[in-house]
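Remarks on the structure that follows.
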Amino acid sequence: MSTAENLFANDTQPPIETARLVLRRPELADAPRLADLLNNFNVAGNLARVRLPFTEADTAAWLPLKVATNDPHEMAWLITTEADGVIGTVGFHRDGGETVLGYWLGEPYWGHGYMTEAVRAALHRFFGTTSAQSIRSGVFHFNMASLAVQYKFGFVESGRSEVFCLARGVNVEHIDTELTREDFESLDFQG
Ligand SMILES: CC(C)(COP(=O)(O)OP(=O)(O)OC[C@H]1O[C@@H](n2cnc3c(N)ncnc32)[C@H](O)[C@@H]1OP(=O)(O)O)[C@@H](O)C(=O)NCCC(=O)NCCS
């Protein structure tokens, strides 16, 4: 991490406002709502690390870490609307020296362009506050909606792998993707 990133990490991460959403830091009190939205095969079956049934107690493995961190490479943003409060998350975690983007929305909120709006804003903040030159992501091979979101921002397929899906209890073919800072910035998205 660069000095600039260290300085930033000691600051708070202010919420991110978009046209329809506010992305804010999680709190421990968000656990019941997150568990309620994640306890759904149609959501969890597209994610690697969400076992079913998923209860409030299962958030204890990661929510406190996400509440505590100010590291942009480990940040979780809760996606909120004025009408419904928390509707999903978009966030980052480190893996083998690289940073990985992940996201999900509760099923009632699919198909409204919310994730495009949230990912754009989160990437804008990420590249704006780190010196990272690239970021990784990916989708299970059947998740064309998620792949469509990633393609909008310049992610490209970088390979294929097998990823264990806790909710399905099997390995699933995974389309690995990567986005460079240069490609993101060339699209000149506003956060
Ligand atoms: C995948 C997910 C994040 C998409 O969120 P969303 O808010 O519905 O996405 P958006 O509406 O912003 O964009 C979806 C895009 O995919 C497109 N799309 C939807 N279904 C598609 C399909 N079967 N094939 C190709 N494109 C598809 C949409 O048309 C849209 O593109 P457009 O804006 O050009 O029309 C959401 O469905 C979700 O959370 N699913 C469960 C968890 C998950 O899959 N997380 C991602 C793991 S990699």
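If we keep just the residues of region 48-84 that are crowded, with 18+ Cβ neighbours inside 10 Å, under 15 Å from the mean Cα position of the chain (by Cα) and within 28 Å of VAL170 (Cβ to Cβ), which is nearest to the ligand (Cβ to nearest atom)? Among them, the one singled out is VAL50. Among the candidates ARG94, ARG136, ARG125, ARG120, the residue that is of a type in the set (D, E, K, R) and free of Cβ contacts under 8 Å to residues at least 24 places away in the same chain is uniquely ARG94. Screening the candidates PHE164, PHE155, PHE184, PHE140 for the property of being more than 14 Å from the ligand (Cβ to nearest atom) and open to solvent by less than 20 Å² (accessible area, probe 1.4 Å) yields one hit, PHE184. Taking the conditions (1) part of a helix (DSSP H, G or I); (2) of a type in the set (A, V, I, L, M); (3) buried (at least 18 other Cβ atoms within 10 Å of the Cβ) in turn, ILE87 satisfies each one other than (1).
With respect to being out of contact with any strand residue (DSSP E or B) (no Cβ under 7 Å at 6 or more places or on another chain) and closer than 22 Å to SER137 by Cα, ARG24 falls outside the description.
The single condition from (1) among the aliphatic types (A, V, I, L, M); (2) surrounded by fewer than 17 Cβ atoms within 10 Å (Cβ to Cβ); (3) more than 9 Å from the ligand (Cβ to nearest atom) that ALA148 fails is (3).
Which one is farthest from the ligand (Cβ to nearest atom), of the residues in region 106-131 that are hydrophobic (A, V, I, L, M, F, W, C) and buried (at least 17 other Cβ atoms within 10 Å of the Cβ)?
Of all residues in region 106-131, those hydrophobic (A, V, I, L, M, F, W, C) come to 110, 115, 118-119, 121-123, 126-127.
Now narrow it down to the ones that are buried (at least 17 other Cβ atoms within 10 Å of the Cβ): 115, 118-119, 121-123, 126-127.
Values: MET115: 3, ALA118: 8, VAL119: 8, ALA121: 12, ALA122: 12, LEU123: 13, PHE126: 17, PHE127: 19 Å.
In this case the residue turns out to be PHE127.
The values are calculated or read from the model by the stated rules, or taken from the named source; none is laboratory data. On a predicted model such as this, the values are computed, not experimentally measured, just so you know. A quick note on method: Cβ atoms are made from the backbone with ideal geometry, for glycine too, and the neighbour counts reach across all protein chains shown. Note: accessible area is taken over every heavy atom of the protein model, side chains too, but ligands, DNA and RNA are not part of it. Shrake-Rupley method; radii C 1.70, N 1.55, O 1.52, S 1.80 Å.
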